[in-house]
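Q: Quick one: this structure, given as structure tokens, is what I'll be asking you about.
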Amino acid sequence: MLASAVMVIDAGPAWWIPGAHLQTAWARIARSRRLVTFDREVLTTPDDDDLVLDHVAGPAASPRVLILHGLEGSAYSLHTQGLALLVARAGWRGTVINFRSCARDARDIEQRLRNRRPRLYHSGETADLDFVVRTLVAREPATTLYALGFSLGGAVLLKWLGEAGGASPVRAAATISAPYDLGAAARFLERPVGRIYTAHFASRLKSKTLDLLARFPRETAHVDADRVRRARTFREFDECVTAPLHGFSGADDYYTRASSLPFLARIAVPTLCLSSEDDPLIPGETAHWAREAASPEVTFEITSWGGHTGFVSGSWPWRPSYWAEDRAIDWLRRHAAQSG
């Protein structure tokens, strides 16, 4: 198999926000959660749950771009908002897929909406994405579909693209800071500095899980609430929550079956994967593993800087630019132009 393309890019971080951790945190410091206005739609899934879509309006004949958010994110996440704004500025339509249990109340974005089924979501869950794609294609068969995913959403997108192969209705895609190997990422976050990030996500995930156990005691009787409360690492959480809730035998089984890495070789549409070697949540070498495993349709651009989904550049703090987000949209523009 021919190796996929790789480019090591050094566009350069902003001088005023050095280091991977500040790059990662910048969105929380400076970006708005109200950059775009959404039209909300709630789909009923095949298993009778709610799947919330937030649409960005645009010209009727324009392409539609699916946007997949990161862990514990939503349509109102800071990077989701940034990508949705770029999609609108391109003159396209956008659709954000809020993973189950992640959608926020449009009137109060601090308020999470509850789902009706005893389940959550995870990095390898592609059935909902496939359902949304099939729904949109059935509605508008002539519409060109593109897709963008960052962090966990990028992992979901890559896995789905590999599963779909040449039958993918999505014509081009891009991901930012996707974890290609879930086991490697979980181990990486067990470092002392990684535990700071883990604690941020764990408190939200555990609270959500305990609420689920309280609402569905019969269906979740096999999940040990005490183990959930004691979980301090992603491996511990995946062992006692993700695996039993979603049909895996344990954390290792989940990491093996849900990681996008084994699916990259089957991707058949032009896909750009943007990663940084200083990502504090994902080991930098995994981007190079992914590049070796991927099909020739996948292009990797790997920076030495950027943190996790940060990639903040620009001359001054009041005029920042987000290199990876701009690059992802440029990638889709290029393929839109090539397809006429």
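Q: At a 10 angstrom cut-off on C-beta neighbours, averaged per residue, how do the peptides 164-177, 41-54 rank from highest to lowest?
A: 164-177, 41-54
Q: Turning to a different aspect of this structure: Could you give the nm distance between label points at Arg114 and Ala225, where each point is 7 Å from its Cα heading toward the beta carbon?
A: The answer from the label model is 1.4 nm.
Q: Which one, Leu210, Thr256, Gly154, projects farthest toward the positive side of the charge dipole computed for the stretch 145-263 from Cβ point charges (K/R +1, D/E -1)?
A: Going by the Cα projections, it comes out as Leu210.
Q: Based on DSSP H assignment, which helices of the chain show an axial Cα extent of at least 30 Å together with a mean Kyte-Doolittle hydropathy greater than or equal to -0.5?
A: Numbers: long enough: 192-215 (34 Å, -0.09).
Result, helices passing both filters: 192-215.
Q: Right, here's the next one. So for the stretch 117-249, averaging the separation of alpha carbon pairs under 8 Å that are six or more residues apart and normalising by length, what relative contact order in percent results? Mind showing how you got there, number by number?
A: Working: 127 pairs, mean separation 31.5, N = 133.
It rounds to 24 percent for the stretch 117-249.
Q: How many angstrom separate the Cα center of the stretch 261-340 from the Cα center of the stretch 90-125?
A: Using only Cα atoms, the two centres lie 23 Å from each other.
Q: Could you compute how fast the chain diffuses translationally, taking Rh as the Kirkwood radius over C-alpha pairs and applying Stokes-Einstein at 20 °C with viscosity 1.002 mPa s? Give it in µm² per second.
A: For these conditions, the coefficient is 106 µm²/s.
Q: Largest first, what is the accessible-area ranking of Asp238, Asp252 with a 1.4 Å probe?
A: Correct descending sequence by accessible area is Asp252, Asp238.
Q: Highest mean first, what order results for 188-197, 302-311 on Cβ atoms within 10 Å? Could you put the intermediate results ahead of the total?
A: Values: 188-197: 15.0, 302-311: 24.5.
Result, highest mean Cβ count within 10 Å first: 302-311, 188-197.
Q: Continuing with this model, one more query. Which whole-number value in Å² is the accessible area per residue of the chain, probe 1.4 Å? Before the final figure, lay out the partial values.
A: On the way: 14000 Å² over 340 residues.
Normalised by residue count, the accessible surface of the chain is 41 Å².
Q: Express the carbon and sulfur contribution to the solvent-accessible surface of the chain as a percent, rounded to the nearest whole number, probe 1.4 angstrom.
A: Details: 7540 of 14000 Å².
Carbon and sulfur together cover 54 percent of it.
Q: Take the Cα atoms of the stretch 1-152, build their convex hull, and give its volume per residue in Å³.
A: Values: hull volume 25.3 nm³, N = 152.
Enclosed volume per residue, from the Cα hull, is 167 Å³.
The values are calculated or read from the model by the stated rules, or taken from the named source; none is laboratory data. Please read these numbers as outputs of a predicted model, since none were measured by experiment. Neighbour counts run over all protein chains shown; Cβ positions are idealised from the backbone, glycine included. Just so you know, the surface numbers come from the protein's heavy atoms only, side chains and all, with ligands and any DNA or RNA stripped out. Shrake-Rupley method; radii C 1.70, N 1.55, O 1.52, S 1.80 Å.
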